[in-house]
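Working notes, beginning with the structure itself.
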Amino acid sequence: MYKSIALESRDKLPAMSAGRPFFVLTPSLLDVVDLEHAEFWLERAQEMDACVILLSSMAVYRYRAGMALAEDDEEFADSELAQQVVALEAKARQNERHVILRAGQSVSLQGEDFASQILARAREHQPLDMDMQRLFCPTPVDDTADVILAMMRQLVCSDELFGTYHFSGVEAVSSFAFAEVLLAQAGQYEDFTEVKLGSQEGGMMPVVWTSESDNTRLFHTFGIQAKAWRQGVSRLLQKYYRIEEQ
């Protein structure tokens with residue numbers, strides 16, 4: 001059984017007579033207010049002695065070229081957003097039974113994510129001069145959801161699995177390479193033949209930057225392997241254009 005609650009909600013949750021409740025918190029990094037609401041729910045989880053899964057982000061780290069960062073790396077970025085997320089993680093750790101999952105560059109094709117921005121510019125025939133220097137790991141959101149579900153199924157069996165983990169899609173790419181794949185696959189549903197894709201140092205890149213992640217601990221602990229992000233993007237585009245047609 002589960003109940004979905006908006007982070008901004010202040011609904012009173014019923015007491016659980018049996019079983020161990022899980023709080024799965026998925027704040028958006030594009031909405032600072034979401035992080036504040038998540039802090040409220042972390043406090044509620046602590047009051048109810050509930051297990052907590054917090055979806056965090058590799059955006060807590062400063063960029064280091066060619067480095068896949070593991071969970072014990074604590075050279076965090078000094079941006080205001082990174083510091084807010086680090087503080088939220090610290091709040092989650094106050095609950096003994098917690099999981100913090102730092103995900104890579106989320107691809108959802110919803111709201112203002114990087115993929116949506118690229119498609120919007122392409123439709124408006126705006127310049128698409130993409131950065132080719134920095135690398136990130138595209139991470140389809142439904143893959144991340146599958147990982148959270150798989151973790152929950154194992155967490156109910158053992159108290160030895162709680163902690164911090166990294167997860168991202170396989171293969172780091174530049175913004176230019178990602179846009180190339182996205183437009184090629186989206187071209188099956190929409191005409192982007194007139195779009196000119198160019199490369200430029202310091203060109204278009206994700207607003208919220210995520211470093212590359214080392215997913216070894218997740219695999220060794222839960223047996224969860226990272227997935228190829230190209231397949232995930234193709235899957236998300238199929239859903240996206242079905243919705244567009246409706």
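Measuring nothing but how far apart in sequence close Cα pairs (under 8 Å, 6+ apart) lie, relative to its length, the chain scores a relative contact order of 23 percent.
So what's the angle, to the nearest 10 degrees on a 0 to 90 scale, between helix 229-245 and the longest Cα principal axis of the chain? Taking Cα atoms only, the helix is inclined about 80 degrees. Each principal axis of the stretch 18-151 carries a Cα extent, and these read 56, 31, 28 Å when sorted largest first. Relative to the longest principal axis of the Cα atoms of the chain, helix 114-123 runs at roughly 30 degrees. Computed in the context of the full set of protein chains, the accessible area of the chain at 1.4 Å probe radius has 48% of its extent on carbon or sulfur. Between the helical axis of 80-92 and the longest alpha-carbon principal axis of the chain there is an angle of about 30 degrees.
Close amide H pairs (under 5 Å, H built 1.01 Å from N) link S56 with L101, R102, A103, residues at least 5 positions away or on another chain. For the stretch 76-190, the solvent-accessible area with a 1.4 angstrom probe is 43 square angstrom per residue.
Please check the chain for the longest run free of trypsin sites (Lys or Arg not before Pro) that are loop-located per DSSP (anything but H, G, I, E, B) and have at most 12 other Cβ atoms within 10 Å. Looking at the chain, 65-195 is the longest stretch - no exposed trypsin sites (Lys or Arg not before Pro) with at most 12 other Cβ atoms within 10 Å. Close amide H pairs (under 5 Å, H built 1.01 Å from N) link V24 with I53, residues at least 5 positions away or on another chain.
Can you give me the convex hull volume of the Cα atoms of the stretch 1-91, divided per residue and expressed in Å³? Walk me through the numbers on the way to the answer.
Working: hull volume 10.9 nm³, N = 91.
Taking only Cα atoms, the stretch 1-91 has a hull volume of 120 Å³ per residue.
Taking 8 Å as the Cα distance limit and 6 or more residues as the minimum spacing, I'd like the relative contact order of the stretch 1-96 as a percentage. Worked out over the stretch 1-96, it gives 28 percent. Among the GluC sites (Glu not before Pro) in the stretch 154-246, those placed in a DSSP loop whose Cβ has at most 16 other Cβ atoms within 10 Å are E160, E171, E190, E194, E201. Approximating the spin labels as points 7 Å out from Cα along Cα→Cβ, the A145-to-E36 distance works out to 2.8 nm.
Could you give the size of the charge dipole of the stretch 29-158 about its Cα centre, using +1 on the Cβ of each K and R and -1 on the Cβ of each D and E, expressed in debye and rounded to the nearest 20?
With only Lys, Arg, Asp and Glu charged at Cβ, the dipole is about 300 debye.
With Rh defined as the Kirkwood radius, the inverse of the mean 1/r over Cα pairs, the Rg/Rh of the chain is 0.98.
Rounded to the nearest Hz, the phi-derived 3J(HN,Hα) couplings of the stretch 205-211 under the Karplus curve 6.51 cos²θ - 1.76 cosθ + 1.60 (θ = phi - 60°) are 8, x, 5, 9, 8, 10, 7, where x marks glycine and proline. Each Lys and Arg Cβ is given +1 and each Asp and Glu Cβ -1; about its Cα centre, the stretch 138-220 then shows a dipole of about 160 debye.
Can you list the residues, at least 5 places off or on another chain, whose amide H is less than 5 Å from the amide H of H98, using H built in the peptide plane? For H98, the qualifying residues are V52, G163.
The values are calculated or read from the model by the stated rules, or taken from the named source; none is laboratory data. None of the values given here were measured: they were computed from a predicted structure. Here Cβ is always computed from backbone atoms with ideal geometry, including for glycine, and neighbour counts include all displayed protein chains. All accessible areas refer to the heavy atoms of the entire protein, side chains included, with ligands and DNA or RNA removed. Shrake-Rupley method; radii C 1.70, N 1.55, O 1.52, S 1.80 Å.
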